[in-house]
């Protein structure tokens, strides 16, 4: 089982957002129906966990649940891996070997990255779906199996079929139901729920006693991030933050571990001074300065606070909320930046704040 998704004590995914619950409802509805299902979603969204849940909610739950990541095999090996082979079928085939379809007989076969399967193997899969039989490599004797196929990919199978890279007939047969896994950025409150879960588990793994929690600034950064790597990326970011922290409160999360603190532009290379941060707020010429403060104008202190908040927000966003890099961009020490974050608190991360 992949460990890029969250499990509760029962091995179930965790979440309470509306997109997550809607997906689980659709999955539960199709699970008892003995037909193929396609799971579509971005990398790291938990497709293998969803396939496992489909199996254990189906009538086949006592049968085997067999998985194969099709992207990890060379095209020439996928057919032998799926259907097995006879002794002497090719060089190195010293004995008969059963394939994944035979291993999954009476259960479910989960084909991850199904878009990576070559056309020749797709022909044989289509035959299994339609007739429940196939031939091992190097044999003409039919082998009958009873297998439910669950496929998963982040590729556009419809476009691939239009380009002749995926059999349209097979796509039609596999898509009795198509379930779209919601990306983490669409799951709202689940981000912090999952982050707290990963944090507690990592803290326990490291043998640290006491409560571990994220500061207000860190929680705001976690929810503001787009999470292109979804749950897998969240797990890595949280575990890295727990590992690097010394105290119970986590006040810094690093989204990109490859960003060097010695450069302002990227990952590696010679040191370059951080570029100046442009700001739309400019001081008017002396001739245009008002002779007296208007009744509704802001004070100097308020104007300075607004400017600082604007610069801090911009630097943090451009640094992907890596606070050490943001400090470098602003020409501040890390401690000075942390002081300003504490100074402005919630107002720094709330775009609707009055400052």
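Can you give the FRET efficiency for residue 30 and residue 77, using 1/(1 + (r/R0)^6), R0 = 22 Å, r = Cβ-Cβ distance, to the nearest 0.05?
That pair, residue 30 with residue 77, gives E of 0.10.
Got a sec? How would 190, 251, 256, 211 order by Cβ neighbour count within 10 Å, fewest to most?
Going from sparsest to densest Cβ surroundings: 211, 256, 251, 190.
Be a star and scan segment 40-65 for residues whose amide nitrogen sits under 17 Å from the point 7 Å along the Cα-to-Cβ vector of residue 14.
Within reach of a label on residue 14, which here means backbone N under 17 Å from a point 7 Å along Cα→Cβ, segment 40-65 contributes 45-46, 49-50.
For segment 185-255, just run the numbers: alpha carbon Rg, then divide by 2.2 N^0.38 Å, N being how many residues it has. It would help to have the intermediate numbers written out before the result.
Working: Rg = 11.2 Å, N = 71, 2.2 N^0.38 = 11.1 Å.
Compactness ratio reported: 1.00.
Assuming 0.36 nm per residue, please report the length gained on full extension of the stretch residue 310 to residue 205 beyond their Cα-Cα distance. Before the final figure, lay out each step's value.
Numbers: separation 105, 0.36 × 105 = 37.80 nm, distance 3.92 nm.
Result: 33.9 nm gained on full extension.
For segment 18-182, what is the per residue volume of the convex hull drawn over the alpha-carbon atoms, in cubic angstrom?
Output value, Cα hull per residue: 107 Å³.
Averaged over every viewing direction, what's the projected area of the C-alpha convex hull for segment 51-92? Give it in nm², one decimal, please.
So the mean shadow area of the Cα hull is 4.2 nm².
Taking the Cβ of each residue in 81, 205 as the centre, tally the other Cβ atoms inside 10 Å and list the residues starting with the fewest.
Listing 81, 205 from fewest to most nearby Cβ atoms yields 205, 81.
May I ask for the distance between the Cα centers of segment 45-63 and segment 323-339, given as a whole number of Å?
47
May I ask you to order 174-186, 134-146 by the average number of other C-beta atoms within 10 Å around their residues, highest value first?
Numbers: 174-186: 18.8, 134-146: 14.9.
In decreasing order of mean packing, 174-186, 134-146 become 174-186, 134-146.
Hey, can you rank 45-55, 101-111, 221-231 by average C-beta count inside 10 Å, highest first?
Numbers: 45-55: 23.2, 101-111: 21.4, 221-231: 18.9.
Taking the mean over residues of other Cβ atoms within 10 Å, the ranking is 45-55, 101-111, 221-231.
Computed FRET efficiency, Cβ-Cβ of residue 176 and residue 154, R0 22 Å: what is it to the nearest 0.05?
That pair, residue 176 with residue 154, gives E of 0.65.
Every read-out reported here was derived from the displayed coordinates using simple, explicitly stated rules and does not represent laboratory data. All of these numbers come straight from a predicted model, not from anything done at the bench. Quick reminder, even Gly has a Cβ in these numbers, built from the backbone with ideal geometry, and neighbours come from all protein chains shown.
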